[in-house]
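Structure first, commentary second.
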Ligand code: ADP
């Protein structure tokens, strides 16, 4: 293991060739738009988030909160690689956005004392992009490919031999006269990250020696993340303030850190700078984030479903019209969290609000309809 590194926003990072989706080499994907207040609980990193995240990332395994099992497995992987003096097996990290996949990849490199190169699947459009990347790796380097399930198929096929035999075959010419020139690749460790593990092809998945799945964080774990971030940002955060923010962070450290920054702004402008429960509540009311972490759109969908359609079932496009959004936005942005929280269910007949959904809006769900008397139980008509 490397010597413990004190963490702080002003410390230089491990050698990095460019953040995923960032402006540097090997990462050309378009960054998502800067969030509006309505995007405050988005799990996708904005440009502003990235600037802060670089300083807030845990730098050693010991700082990485939660994910007990994956952390222990990664620790073993590292320990054995260091003992053998060889790069560890290739690692696949799967799980929703904002849960720490990039952070874990950077920790892995830091703990190995290796440099890390960051890129993303969509940035590798052609096989040639990947050849250039692989043949320029230094021995022992870590290559991080975010959203690896989106890598172009020809590049993916090149990756197989690179992962297995540390070799790439460059094809010269076309058709019958084409020849394959094998090029050596320095032994490296690939860390792939994916939000859609199911979309990975079998041959690619099989080439990872280790697959770790990251899950949503418990509120107590998010409180730890917030305490650490508040210390690094110099924000006076009271435990009750931390608990309030953690409960609204949708199980996601990225969201927790973003809410902390917005609450800090409020605390500085409208209060005495200290983040207490009351300050956090007042701040998050301004940003339309409720006690469960629902934002304006999530609530609008739930409200429309319950108040205008009696709890459903209602079709997706009708729901979209009711809230003034495209059906895709409702389906991809609002619904996953509403479903995960058990507030809304998708049924073959349409969307329905669950009893929990009704309660969340302070309303009583309708009594389940009693089955009417069966036809044959009806009293016989008087003759
Ligand atoms: P992903 O790659 O899965 O989208 P990131 O690694 O970019 O997620 O994490 C987003 C931010 O959340 C990081 O900047 C980091 O500050 C914070 N974070 C994520 N996981 C943890 C963790 N386990 N402990 C502390 N902070 C974390």
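Worth pointing out:
- Residue in segment 248-261 that is within 16 Å of the ligand (Cβ to nearest atom), modelled with pLDDT of 95 or more and touching a strand residue (DSSP E or B) at 6+ places or on another chain (Cβ under 8 Å) present: yes
- Checking residue 61 against (1) modelled with pLDDT of 50 or more; (2) more than 9 Å from the ligand (Cβ to nearest atom); (3) more than 20 Å from residue 216 (Cα to Cα), the condition it does not meet: (3)
- Residues that are closer than 30 Å to residue 51 by Cα and in contact with a strand residue (DSSP E or B) (Cβ under 8 Å, 6 or more places away or on another chain) do not occur anywhere in segment 155-170.
- Meets criteria (within 11 Å of the ligand (Cβ to nearest atom), crowded, with 16+ Cβ neighbours inside 10 Å and modelled with pLDDT of 95 or more) for residue 225: yes
- Every residue from segment 137-187 that is surrounded by 16 or more Cβ atoms within 10 Å (Cβ to Cβ) and in a loop (DSSP other than H, G, I, E, B): 137, 140, 141, 147, 151, 152, 166, 185
- Residue within segment 268-277 that is within 16 Å of the ligand (Cβ to nearest atom) and either in contact with a strand residue (DSSP E or B) (Cβ under 9 Å, 6 or more places away or on another chain) or in contact (Cβ under 8 Å) with a residue 24 or more places away in the chain (or both) present: no
- Scan of segment 94-125 for residues that are away from the ligand (no atom under 13 Å from the Cβ), surrounded by fewer than 24 Cβ atoms within 10 Å (Cβ to Cβ) and either in a loop (DSSP other than H, G, I, E, B) or not assigned by TED's automatic domain parsing to the domain that holds residue 192 (or both), ordered by number: 113, 114, 115, 125
- Only one of the numbered conditions (1) under 22 Å from the mean Cα position of the chain (by Cα); (2) modelled with pLDDT under 50; (3) in a loop (DSSP other than H, G, I, E, B); (4) more than 13 Å from the ligand (Cβ to nearest atom) is not met by residue 19, and that is (4).
The values are calculated or read from the model by the stated rules, or taken from the named source; none is laboratory data. Values in this document were obtained by computation on a predicted structure and should not be read as measured data. For neighbour counting, all protein chains shown are included, and Cβ atoms are generated from backbone atoms with ideal geometry for every residue, glycine included.
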